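A quick write-up on the structure given underneath.
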Amino acid sequence: MWELISANKRKSIILFLAMGICLVLLGYFIGGTYAGKDGGYYGLSIALFIWVFMSIISFFSGDSIILAISRAKKVTPNVHPQLFNVVEEMKIAAGLPAMPSVYIIPDPAPNAFAVGRNPQKSAVVVTAGLLEQLNRDELQGVVAHEMSHILNRDVLFMTFSGVLLGSIVFLSHVFLRSMWFGGGRRFNSKGKSGGQAQMIMMIVALAIAILAPIMARLLYFAISRKREYLADATAVRLTRYPEGLASALEKISGSNLDLQSANKATAALYIANPLKAKGRKLSNLTSTHPPIHERVDILRRISNGANYINYQHAFTFIKGNRGRTNIIPPSGIQDKTKLDLRTKPLEEAAKPHKKGVRDLGDLIRAVNNYVFLVCACGLKMKLPPDFNKKSFNCPRCGTLNQVPVAELAALTAVTDIIDKPSNDSQPEKDEKIFRYKRKGKGWESFNCECGAVKQLSPSFNKNSFYCNHCGRKILIEN
Amino acid sequence: MSLIIFLAILAIFVFGFIGIYNSLVGLRNRVKNAWSQIDVQLKRRHDLIPNLVETAKGYMKHEHDTLTGITEARSKAMGADNVAAKGQAEGALSGAMSKFFVVVENYPDLKANTNFLALQEELSSTENKIAFSRQNYNDQVLFFNNKIQMFPSNLVAGMFNFKPEEFFELENEAEKEVPKVSF
């Protein structure tokens, strides 16, 4: 698997350079059109500047920009313990050096993507709709697919080449527009001797400006599609269970919801095209993702092993003559080790998956820091984080309910901890506190000073919370 | 001139040698790290089991044997000191656990207990993590063993006595089988 990654890296660099040269040439000839040879160098340096500038930005803050425009929210394990477990399982299987952060997009459309410039610092993002619709095996397949994007450093490559593509498209667009509206004027004002060289420059520039964006786009989309296949193959290798990913993809494509926060620029990152309504019109050449039914067919075709070579066989079988190309780099194909497939689903996944729209809503609210309150009559009420009354009447039975102010505050505190990791656990002076020393890492229950029973789950990893009975701050010492 | 060429070739060899040696050490450390990952997950399972037994006790009055079976298997697994004994004891523990989860099907009250559900998720996830860390360990071992058998790294490996690592196979074949659940 690791030889494969380095082969992949080498390929990325070559493609990256090819696109870069394309951009620089475009800059040179555009400059040349306006101001002869000297202008060529100006154009070249402007193009280079745009490239370097955008690349630096995308390298250092690309992930946070993508996460912000996708409206993804970082969550703690309490919001969805199973998701965290599945991510950790795949982290172990992939041998990642660090646990990726987990984000949820509060949106009912099922989809997922990953960001991260290297495996040490990465993030897995899933939508609430995905969690609601998939069972454990399917979720595992999706997370494994994202994990392999992280392993292959696809995200870094896709953002970089996306930036390059953007610069090429931008430059040629500006140039073509200016030719259309102001063409010719500049040449007439100059002497005839320079004119001829500039005419040649202009023709070349026109040709590049028309062809480069098309070629760059096709290249970009072709690589993007190939990487999706490769990530599918790696996911199978990690989970040893192709059916999980296959049925997850089916469920994702079965949904006709558009992901609100996705746009053309980020669409290539997702596991399946998030812009369904618009995506249908696109032809195969210009789509960032291979057709889902084909991916599903390939996954279902895999038999007698979970190694790369098995995926390649299935790929060739499904694609027929068009499938002669190797999706997997040669070093992956050479590995003939037989890896047994898991034939049976996990115990839990075998049971029908019963979750309703209500769970989806609750999950989205949990991501958005709502507090859940169960009334004496059994009605579950959801309070928004900015709820500012001290008490209110239950809409069903009319009982007066006290708002757990402390709990709301605690939740906000949790988000603060996530946003800026600080070791500052000193409470304010006037607050009542209770300290509890944790014995191990498992389940533990203890009594707060007021007598209320508190229970800690193994996944509890904060260092404090508020007692919802007396409002004391409980400090957990590990 | 020929001296310079000779020195250049020598330099290439020396750097190649150093590179191969370093990559071998790196790979061996990866194998070790993968092994410790398995250990972490096994320990985690040992930590979770007492809570599970505690939670289940109240509901499963008639399944005393199953519960003591788990507890005994756990203490045996914790006491095992060498790798072979450990593999066997852990295998037995897995067997006891899957038996327990089959029996749980008869106790709807227990299955509805939120505490128990959370524990069940933790435990089944830990089982998966054990399986995946074993898978990762075997991947790393395969890669390392290939490296020390292939030319030219086999020369360096021979000189510094890098030994092939052993794959981690299951002692208990029964663990491979997912228990059959009949409804």
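The values are calculated or read from the model by the stated rules, or taken from the named source; none is laboratory data. Being a predicted model, the structure only gives us computed values, none of them experimental. For neighbour counting, all protein chains shown are included, and Cβ atoms are generated from backbone atoms with ideal geometry for every residue, glycine included. All accessible areas refer to the heavy atoms of the entire protein, side chains included, with ligands and DNA or RNA removed. Shrake-Rupley method; radii C 1.70, N 1.55, O 1.52, S 1.80 Å.
The table that follows gives values for the structure above.
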item	result
Test: residue in segment A:91-100 that is closer than 23 Å to residue A:227 by Cβ, away from chain B (no Cβ under 14 Å) and either open to solvent by 30 Å² or more (accessible area, probe 1.4 Å) or in contact (Cβ under 8 Å) with a residue 40 or more places away in the chain (or both)	yes
Test set (1) surrounded by fewer than 23 Cβ atoms within 10 Å (Cβ to Cβ); (2) within 22 Å of the chain's Cα centre (by Cα) - residue A:35 fails condition number	(2)
Residue list for segment B:40-57, filter: open to solvent by less than 50 Å² (accessible area, probe 1.4 Å) and of a type outside the set (Val, Ile, Thr)	B:41, B:42, B:45, B:46, B:48, B:51, B:52, B:56
Hey, residue B:18 open to solvent by 50 Å² or more (accessible area, probe 1.4 Å) and part of a helix (DSSP H, G or I) or not	yes
Selection count, segment A:359-383, where residues are of a type outside the set (Phe, Trp, Tyr), on the phi < 0 side of the Ramachandran plot and either in contact with a helix residue (DSSP H, G or I) (Cβ under 8 Å, 6 or more places away or on another chain) or in a strand (DSSP E or B) (or both)	12
Residue match in segment A:77-91 (condition: of a type outside the set (Phe, Trp, Tyr), assigned by TED's automatic domain parsing to the domain that holds residue A:240, within 30 Å of residue A:16 (Cα to Cα) and in a helix (DSSP H, G or I))	yes
Unique residue being part of a loop (DSSP other than H, G, I, E, B) and either at pLDDT 80 or above or farther than 30 Å from residue B:134 by Cα (or both) when the list is A:277, A:248, A:272, A:314	A:272
Sole exception among (1) open to solvent by 80 Å² or more (accessible area, probe 1.4 Å); (2) at pLDDT 65 or above; (3) within 14 Å of chain B (Cβ to nearest Cβ) for residue A:342, by number	(1)
Among the residues listed as A:59, A:53, the single one being open to solvent by 30 Å² or more (accessible area, probe 1.4 Å), free of Cβ contacts under 8 Å to residues at least 40 places away in the same chain and part of a helix (DSSP H, G or I)	A:53
Failed condition for residue B:162, given (1) in a helix (DSSP H, G or I); (2) open to solvent by less than 40 Å² (accessible area, probe 1.4 Å); (3) not aliphatic (A, V, I, L, M)	(1)
Lone unmet requirement of (1) over 19 Å from residue A:274 (Cβ atoms); (2) away from chain B (no Cβ under 14 Å) for residue A:112	(1)
Hits in segment B:120-138 (condition: over 11 Å from residue A:92 (Cβ atoms) and within 7 Å of another protein chain (Cβ to nearest Cβ))	B:121, B:122, B:124
Hits in segment A:440-469 (condition: free of Cβ contacts under 8 Å to residues at least 60 places away in the same chain and either in the same structural domain as residue A:85 (by TED's automatic domain parsing) or of a type in the set (Gly, Ala, Ser) (or both))	A:440, A:442, A:445, A:451, A:452, A:464
Number of the condition not met by residue B:157 [criteria: (1) crowded, with 17+ Cβ neighbours inside 10 Å; (2) within 26 Å of residue A:88 (Cβ to Cβ)]	(2)
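Rundown of residues vs (1) within 12 Å of another protein chain (Cβ to nearest Cβ); (2) open to solvent by less than 30 Å² (accessible area, probe 1.4 Å); (3) in contact with a helix residue (DSSP H, G or I) (Cβ under 6 Å, 6 or more places away or on another chain); (4) hydrophobic (A, V, I, L, M, F, W, C), yes/no style:
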position: A:439; (1), (2), (3), (4): yes, no, no, no
position: A:444; (1), (2), (3), (4): yes, yes, no, no
position: A:449; (1), (2), (3), (4): no, no, no, no
position: A:452; (1), (2), (3), (4): no, yes, no, yes
position: A:462; (1), (2), (3), (4): no, no, no, no
position: A:466; (1), (2), (3), (4): no, no, yes, no
position: A:470; (1), (2), (3), (4): no, no, no, yes
position: A:475; (1), (2), (3), (4): no, yes, no, yes
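Quick grid of which residues meet (1) touching a residue at least 60 places away in the same chain (Cβ under 8 Å); (2) out of contact with any Phe, Trp or Tyr (no Cβ under 9 Å at 6 or more places or on another chain); (3) of a type in the set (A, V, I, L, M, F, W, C); (4) open to solvent by less than 20 Å² (accessible area, probe 1.4 Å):
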{"residue": "A:15", "(1), (2), (3), (4)": "yes, no, yes, no"}
{"residue": "A:41", "(1), (2), (3), (4)": "no, no, no, no"}
{"residue": "A:73", "(1), (2), (3), (4)": "yes, no, no, no"}
{"residue": "A:78", "(1), (2), (3), (4)": "yes, no, no, no"}
{"residue": "A:103", "(1), (2), (3), (4)": "no, yes, no, no"}
{"residue": "A:106", "(1), (2), (3), (4)": "yes, yes, no, no"}
{"residue": "A:112", "(1), (2), (3), (4)": "yes, no, yes, yes"}
